[in-house]
Amino acid sequence: MGGVKESENFILNCEGWKTTREMLSEIPDFPHDDLMLKGGKIPDGILRLAPITGAVENIGFGEEVPYYASMIFSAWKAGFKLSIGDGCPDEKLKSGIAAVKSLRGNYPNAKAAVFIKPYEDDKFYERMDWADGAAEVIGIDIDSYNIVTMRNLVHLEKKSAEQLKAIRARTTLPFAIKGVFTQEDVQLIRDVKPDIAYISNHGGRVDTRRGSTAEFLLQYAKVIKQNCGELWIDGGIRSADDIRTALSLGASQVLIGRPLITALCQNGTQGVADKFKEYTK
């Protein structure tokens, strides 16, 4: 789970939340929730598992299915909302969907935000159909277009605003655009006005501009929030203070990936539960 350019943006993501907090304290009259920054209680329903796939090559599991089954169950039991991601081969997305549907056997309210990579339209719609019954949100993972090896392998597309509007029209579920991290992406949010705009640089793993998601939130939160229903964010979030910083700047939900994977590998379901308690203290 490294990143391009010697993991530069992964490192910046982790550092960016502290830097952003320091900047906020030095900007007079900057609009933010000062009470949250000063240790306010993190509300319920704010934290969500980030959409991470590739258990074999990215995490070290021997097979794909056991990861999704254990992570989806553990995150839900701990109190996190759920997300699942897409990948190649199709087993990755199908395994995540199957894990959510299995969980729903005992927890009927359990559903996930399903993020699909920007395949050609027919293939994208097929994957939307796969997610029926497991999805509470349908999202498109636009930043995965910057994974050059995958783009060439499975023919990902750089979607236009009109294509994104057409995808949104195909579902009655909230529609999310994930991977907002450039000025061009901000313009896309202006044009499409999705239900959810999701700031992410793919955990620092893709070839995009230099910077952290925290500083991007600081710079663009106002204009993005004017053009979407909710604002989500991930990237380098490692503490309750990082979560509070995101919320203070207008984030609706905060998504966490690597720390939950580490917790799962170290101490199973209890490890993920301990992380939830740490983040909501």
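The values are calculated or read from the model by the stated rules, or taken from the named source; none is laboratory data. Here the structure is a predicted model, which is why all the values come from computation and not from measurement. For neighbour counting, all protein chains shown are included, and Cβ atoms are generated from backbone atoms with ideal geometry for every residue, glycine included. Quick note on the areas: whole protein, heavy atoms, side chains included, nothing else; ligands and nucleic acids left out. Shrake-Rupley method; radii C 1.70, N 1.55, O 1.52, S 1.80 Å.
Mind checking which pairs have a first residue in the range 69-81 that is among the small types (Gly, Ala, Ser) and a second that is open to solvent by less than 10 Å² (accessible area, probe 1.4 Å) and part of a loop (DSSP other than H, G, I, E, B), Cβ under 8 Å, 6 or more apart or different chains?
As it stands, the answer is none, since no pair meets every condition given.
For the structure I just gave you, tell me whether residue 105 is surrounded by fewer than 23 Cβ atoms within 10 Å (Cβ to Cβ), on the phi > 0 side of the Ramachandran plot and modelled with pLDDT of 95 or more. It would help to see each step written out before you state the result.
Values: surrounded by fewer than 23 Cβ atoms within 10 Å (Cβ to Cβ): yes; on the phi > 0 side of the Ramachandran plot: no; modelled with pLDDT of 95 or more: yes.
So residue 105 fails the test.
Filter the range 41-80 down to the residues that are closer than 23 Å to residue 253 by Cα and open to solvent by 60 Å² or more (accessible area, probe 1.4 Å), then identify the one that is nearest to the chain's Cα centre (by Cα).
76
Where residues in the range 201-234 are among the aliphatic types (A, V, I, L, M) and within 12 Å of residue 185 (Cβ to Cβ), which of them is farthest from the chain's Cα centre (by Cα)?
Of the residues in the range 201-234, the ones among the aliphatic types (A, V, I, L, M) are 206, 214, 217-218, 221, 223-224, 231, 233.
Now drop any that are not within 12 Å of residue 185 (Cβ to Cβ), which leaves 223-224.
Numbers: 223: 20, 224: 16 Å.
It comes out as 223.
Pick from the range 108-128 the residues that are part of a loop (DSSP other than H, G, I, E, B) and open to solvent by 70 Å² or more (accessible area, probe 1.4 Å): which of them is farthest from residue 66 (Cα to Cα)?
Result: 120.
Filter the range 237-281 down to residues that are on the phi > 0 side of the Ramachandran plot and modelled with pLDDT under 95, then give me how many there are.
The initial filter retains those residues of the range 237-281 that are on the phi > 0 side of the Ramachandran plot, namely 250, 268.
From what's left, modelled with pLDDT under 95: 250.
Matching residues across the range 237-281 total 1.
Please go through the range 81-102 and pick out each residue that is assigned to a helix (DSSP H, G or I), buried (at least 23 other Cβ atoms within 10 Å of the Cβ) and small (Gly, Ala, Ser).
96, 99
What do you reckon, is residue 5 open to solvent by 70 Å² or more (accessible area, probe 1.4 Å) and either assigned to a strand (DSSP E or B) or in contact with an Asp or Glu (Cβ under 8 Å, 6 or more places away or on another chain) (or both)?
Yes: the conditions hold for residue 5.
Quick one: which strands (runs of 3 or more DSSP E) sit completely within the range 140-246 and have at least 1 residues that are open to solvent by 30 Å² or more (accessible area, probe 1.4 Å) and either free of Cβ contacts under 8 Å to residues at least 12 places away in the same chain or charged (D, E, K, R) (or both)?
230-233
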